[in-house]
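Below is one structure; the comments refer to it alone.
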Amino acid sequence: MKKHKIGENIKSLKAQSGLSWKGLAEDLSSKGFYIYPKTLESYGSGRTEPNIDKINELAQYFNLTIEQFCYESIKLQNKDTLTQ
């Protein structure tokens, strides 16, 4: 079984996007994906893990498949990679 990289990817994608946890939460909310900044931070640190619905929302937001989001190390090509 592959080890997932969810927390690592959330933290990395946030950093690559140049957003704070609050900024990322606000941008997600503006696109219909509602999540608190502290919850995102908790996912990014590995303290908690998102449920499948949040995994799907985060993958959509970053324009990734669930497989990519969960199991691959992700690097954004540029900030415009985020779902418009």
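For Asn51 and Ala15, FRET efficiency with R0 = 22 Å and r from the beta-carbon atoms, rounded to 0.05? Write down the numbers at each step before the final one.
Numbers: r = 23 Å, r/R0 = 1.06.
With a Förster radius of 22 Å, E is 0.40.
Which net charge results for the neighbourhood of Lys31, defined as the other residues with beta-carbon distances under 14 angstrom from its beta-carbon, given Lys and Arg at +1 and Asp and Glu at -1?
Numbers: positive: Lys54; negative: Glu26, Asp27, Glu57.
Around Lys31, the charge tally is -2.
Computed from these coordinates, which is Cα Rg over 2.2 N^0.38 Å: (i) 1.03; (ii) 0.97; (iii) 1.68?
From the options (i) 1.03; (ii) 0.97; (iii) 1.68, the structure gives (ii).
Throughout, read-outs are computed from the coordinates displayed, never taken from laboratory work. These figures come from a predicted structure and were not determined experimentally. Because the Cβ atoms are built from the backbone with ideal geometry, glycine has one as well, and the counts that use them run over all protein chains shown.
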